[in-house]
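Visitor: For reference, the structure I am asking about is given below.
The values are calculated or read from the model by the stated rules, or taken from the named source; none is laboratory data. Quantities reported herein were computed from a predicted structural model and do not represent experimental measurements. Positions of Cβ are backbone-derived with ideal geometry, glycine not excepted, and every protein chain shown enters the neighbour counts. Areas reflect the complete protein model, heavy atoms only, side chains present, ligands, DNA and RNA absent. Shrake-Rupley method; radii C 1.70, N 1.55, O 1.52, S 1.80 Å.
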Amino acid sequence: MAYSFPEEALEHVLSLCMSDKDRNAVSLVCKSWYEIERCCRRRVFVGNCYAVSPTIMIKRFPEVRSVELKGKPHFADYNLVPEGWGGDVHPWIVAMSKEYPLLEEIRLKRMVVTDENLELISRSFKNFKSLVLCSCEGFSTHGLAAIAANCRNLRELDLQECEVEDLSGHWLSDFPDNCTSLVSLNIACLASEVSLPALERLVARSPNLKTLRLNRAVPLERLPSILRWAPQLIELGTGAYSAEPRSDVFASLAETFSGCNELKGLSGFWDVVPAYLPAIYSICSRLTSLNLSYATILSPDLIKLVSNCHNLQRLWVLDYIEDAGLDTLAASCKNLQELRVFPSDPYAPEPNVSLTEQGLLSVSEGCPRLQSILYFCRQMSNAALIRIAQNRPNLIRFRLCILEPRTPDYLTLGPLDDGFGAIVEHCKELCRLSLSGLLTDRVFEYIGTHAKKLEMLSIAFAGDSDLGLHHVLSGCESLKKLEIRDCPFGDKALLDNAAKLETMRSLWMSSCPVSFGACKLLGQKMPRLNVEVIDERGPPGSRPESCPVERLYIYRTVAGPRSDMPGFVWTRDGNAALRPT
């Protein structure tokens, strides 16, 4: 029956199928379906740039229009991956420039990108439309100037949390005068000034611009003149939101915001002056997204702001919101789906704000659509976690970060095992979980038993023995990414569950008692895994094999050992030993 299915009909069905998982399943039906699917695949996602080579990807999918690549492990966001580890996008760009002339979109995360790479992108793909760089480094505004000058059909330039060397603020002038295609422009991460006249001219000739995120150097006084050219905006990042209090500036700002009838999302608000916040009140009822993670707005002003945002679905905010602000959020924002509360001063010895588990508990009770939580705090209790789990069984992401490691239940002084156990037991669709606080192996037994849909798990300063890791690896059927730091998990759990690692995307372990000898054995036992020992103390072979390694990164691959390892990374060679490249 599979062979008789019309090829044209299958191609049409696949054109409507956006899920990589579903398309992969289609490709396994038979050889003819495999061939049809690979030739009509237009988008490819590579979750680890070392899991496959550019040559293999291009051979498998010859007609791709969009490529998304991830480089460094997630813990790079917390400075746990040494500088110079890898993640260079260069071989990918070179290969794609030769084989994908019709490529329209590149999305990169945690990768090293150079100006040379950006120049090559700008000259290789004649219909290039979208460049998204998230947490990338290695390039400057000269590279951005090449993208601006040469990509004549560019619709999206999105720079998220990137480290960009600002050599000139005039690169926006390199967009040609006939460039009218921009739909999204995000330059919020740039540190230095940009050419304001060039920015205004670009916005003015971009009638389809929907997203504009400015950097901190754009003064508040210039925001009205920019917005008047773009009343159609849906997402706006404000840049600096500070100026000397002046009635004319406030009036101009309020009038301009009131004319932005399509605006749904706001971010930015650096150096905010609270006196100017009421200027946005007229649009608050339409907002669905509010990112205040860089805004030092204190609780009373946040309460006034949030109480006007009745349709809010996503809120990112500093802990200045405090419990009182979260109570208001729970009462006012019944459509809230995602909440992230970040620490304003994570290294302060004493709390600088009144934020506890009570604020999160209020939101869990008052916001029935809440699905995703990231919450930094200084105290938590099992009772609160159990109530949160009972209130919100629809949670799919729960990341709790108690700032002081191994903090117990502040009411009982015992471990938080039962609270997190309730989270995984009640939240059946949970796919991402981060643990913190005082935790024993018992919590990992809960996780292995109940978290059957968990895909990503982050663990720090938790557990008693290898048994904890064994519970996770043997029980979590859907696990793709596991990251561990400062836990007592060692050789036995790793070697006993080696086969599980081939079903996962990656495992990261740092400051754990995993020996160099176990790494060697794992590399010999599982040749389809890259077992990378990352140790800046020198060759691990110069110490007894029982010595723990500093860091271990394990990932499945069809490309074999990578060729760009620095001197502090060791992996398996043809003689089944670990050695530096």
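Visitor: So what's the gap between the Cα centers of the stretch 544-572 and the stretch 428-481, to the nearest angstrom?
Guide: Between the Cα centre of the stretch 544-572 and that of the stretch 428-481, the gap is 24 Å.
Visitor: Hey, another quick one. Give me the orientation-averaged projected area of the Cα convex hull of the stretch 339-412, in nm², one decimal. If you can, show how the numbers build up before the last one.
Guide: Values: hull surface 19.5 nm².
About 4.9 nm², averaged over all directions.
Visitor: Still on this model: At 0.36 nm per residue, minus the direct Cα-Cα distance, what do D166 and N127 gain on full extension? Give it in nm, one decimal, please. Don't skip to the answer; put the middle values down first.
Guide: Numbers: separation 39, 0.36 × 39 = 14.04 nm, distance 2.70 nm.
Extending this stretch completely gives an extra 11.3 nm.
Visitor: If exposed means no more than 14 neighbouring beta carbons inside 10 Å and the site is in a DSSP loop, what's the longest run of the chain without any exposed chymotrypsin sites (Phe, Trp or Tyr not before Pro)?
Guide: The answer is 4-346.
Visitor: Another question, then. For the stretch 105-110, just list the computed ³J(HN,Hα) in residue order, Karplus coefficients 6.51, -1.76 and 1.60, θ = phi - 60°, integers in Hz, with x standing in for Gly and Pro.
Guide: These are the phi-based 3J(HN,Hα) values: 9, 10, 10, 10, 9, 6 Hz.
Visitor: What is the mean projected area of the alpha carbon convex hull for the stretch 261-383, to one decimal in square nanometres?
Guide: Numbers: hull surface 29.6 nm².
Convex hull of Cα atoms, orientation-averaged projection: 7.4 nm².
Visitor: State, as an integer percentage, the relative contact order of the stretch 19-93 based on alpha-carbon contacts under 8 Å between residues 6 or more apart. Working shown, then result.
Guide: On the way: 67 pairs, mean separation 19.5, N = 75.
After rounding, I find 26 percent.
Visitor: Along the Cα-to-C-beta direction of Y347, a point sits 7 Å from the Cα; which residues of the stretch 400-434 have their amide N less than 20 Å from that point?
Guide: Output list for this probe position: 401-406.
Visitor: Separate question: How large is ³J(HN,Hα), in whole Hz, for each residue of the stretch 447-460 in order, when computed from phi with the Karplus curve 6.51 cos²θ - 1.76 cosθ + 1.60 and θ = phi - 60°, using x for Gly and Pro?
Guide: Values per residue, Gly and Pro as x: 5, x, 7, 10, 8, 7, 10, 5, 10, 9, 10, 10, 10, 8 Hz.
Visitor: Can you give me the C-alpha center-to-center distance between the stretch 253-284 and the stretch 345-414, rounded to a whole angstrom?
Guide: Result: 30 Å between the Cα centres.
Visitor: Using only the Cα atoms of the stretch 333-488, build the gyration tensor, take square roots of its eigenvalues as a ≥ b ≥ c, and label the shape rounded, prolate or oblate: rounded if a/c is under 1.5, else prolate if a/b is larger than b/c, else oblate.
Guide: Oblate shape, in that a/c is at least 1.5 and b/c is the bigger or equal ratio.
Visitor: Treating the chain as a set of equal point scatterers at the Cα positions, no solvent, please give the Debye-formula log₁₀ I(q)/I(0) at q = 0.05, 0.07, 0.08 Å⁻¹.
Guide: -0.24, -0.48, -0.64
Visitor: Let me ask something else about it. Where does each of T180, T328 land when they are ordered by accessible area, with a 1.4 Å probe and the largest first?
Guide: Numbers: T180 70, T328 30 Å².
Output order, biggest surface exposure first: T180, T328.
Visitor: Given the pairs K21/K109; K210/K452; K481/K525, which span a C-alpha to C-alpha distance of over 31 angstrom in this model? Spell out each step's value before the answer.
Guide: On the way: K21/K109 21 Å; K210/K452 39 Å; K481/K525 20 Å.
Flagged as over cut-off: K210/K452.
Visitor: For the stretch 64-207, what's the relative contact order in percent, using C-alpha pairs closer than 8 Å and at least 6 residues apart?
Guide: After rounding, I find 19 percent.
Visitor: Taking only C-alpha pairs under 8 Å that are 6+ residues apart, what is the relative contact order of the chain in percent?
Guide: Details: 1367 pairs, mean separation 35.5, N = 581.
Worked out over the chain, it gives 6 percent.
Visitor: Counting only Cα atoms, I'd like the Rg/Rh figure for the stretch 492-581, Kirkwood definition for Rh.
Guide: On the way: Rg = 11.8 Å, Rh = 12.9 Å.
Rg/Rh for the stretch 492-581 comes to 0.91.
Visitor: Next question. R0 = 41 Å: FRET efficiency of N24 with H90, Cβ-based, nearest 0.05?
Guide: The calculated FRET efficiency here is 0.90.
Visitor: Please state the Cα pair-distance histogram of the stretch 184-318 with 10 angstrom bins from zero: what percent is in each bin?
Guide: Computed distribution, short to long bins: 12, 48, 35, 4.
Visitor: Relative to the compact-globule scaling 2.2 N^0.38 Å, provide the ratio for the alpha-carbon radius of gyration of the stretch 465-508.
Guide: Ratio of Cα Rg to 2.2 N^0.38 Å: 1.03.
Visitor: Using 0.36 nm per residue of separation minus the Cα-Cα distance, give me the extension gain between K480 and D248 in nm, one decimal.
Guide: Using 0.36 nm per residue and subtracting the Cα-Cα distance, I get 78.1 nm.
Visitor: Of all GluC sites (Glu not before Pro) in the stretch 447-540, which ones are in loop regions per DSSP and have a Cβ with at most 14 other Cβ atoms within 10 Å?
Guide: The qualifying sites are E477, E502, E536.
Visitor: To continue, here is another question. What accessible area, in Å² to the nearest ten, does a 1.4 Å probe give for I36?
Guide: Probe radius 1.4 Å; accessible area of I36 about 20 Å².
Visitor: To continue, here is another question. For the chain, what does -39500 (n - 2.57) per DSSP helix run (n ≥ 4), summed and divided by total residues, give at 222 nm, in deg cm²/dmol to the nearest 500?
Guide: -8500 deg cm²/dmol
Visitor: If you don't mind, there's one more thing I want to ask. Along the stretch 256-270, what does the Karplus equation 6.51 cos²θ - 1.76 cosθ + 1.60 (θ = phi - 60°) give for ³J(HN,Hα), rounded to whole Hz, x for Gly and Pro?
Guide: Coupling constants for the stretch 256-270: 5, 4, 5, x, 8, 6, 9, 5, 10, x, 10, 8, x, 6, 5 Hz.
Visitor: Same structure again: Using the beta-carbon distance between K453 and L413 and R0 = 45 Å, what value does 1/(1 + (r/R0)^6) give for FRET efficiency, to the nearest 0.05?
Guide: So the FRET efficiency works out to roughly 0.90.
Visitor: Which of the GluC sites (Glu not before Pro) found in the stretch 30-122 are in a DSSP loop and have at most 16 neighbouring Cβ atoms, other than their own, within 10 Å?
Guide: Filter output for the stretch 30-122: E63, E83.
Visitor: Would you kindly give the portion of the calculated P(r) for the stretch 141-262 that falls above 17 Å, as a percent of all Cα pairs?
Guide: Here the long-distance tail beyond 17 Å is 54 percent of all Cα pairs in the stretch 141-262.
Visitor: What does the stretch 1-145 give for Rg and for Dmax, in Å, if only its C-alpha atoms count?
Guide: Cα radius of gyration and Dmax of the stretch 1-145 are 17.0, 56 Å respectively.
Visitor: Explain nothing, just the number: dipole magnitude of the stretch 416-518 about its Cα centre with +1 on each Lys and Arg Cβ and -1 on each Asp and Glu Cβ, in debye rounded to the nearest 20.
Guide: With only Lys, Arg, Asp and Glu charged at Cβ, the dipole is about 400 debye.
Visitor: Classify the stretch 242-318 from the C-alpha gyration tensor, please: rounded if a/c falls under 1.5, else prolate or oblate depending on whether a/b exceeds b/c.
Guide: Since a/c reaches 1.5 but b/c is at least a/b, the shape of the stretch 242-318 is classed as oblate.
Visitor: Another question, then. Want the number for R543 to E404: 0.36 nm per residue separation, take away the alpha-carbon distance, what's left?
Guide: 46.7 nm
Visitor: Looking at the square roots a ≥ b ≥ c of the eigenvalues of the Cα gyration tensor of the stretch 484-532, which shape do they give, rounded for a/c under 1.5, prolate if a/b is larger than b/c, or oblate? Write down the numbers at each step before the final one.
Guide: Numbers: a/c = 1.72, a/b = 1.37, b/c = 1.26.
Prolate shape, in that a/c is at least 1.5 and a/b is the bigger ratio.
Visitor: Suppose every Lys and Arg Cβ carries +1 and every Asp and Glu Cβ carries -1, with no other charges. What dipole size does the chain come out with about its Cα centre, to the nearest 20 debye? Working shown, then result.
Guide: Working: 63 positive and 70 negative charges, 338 e Å.
The dipole magnitude comes to about 1620 debye.
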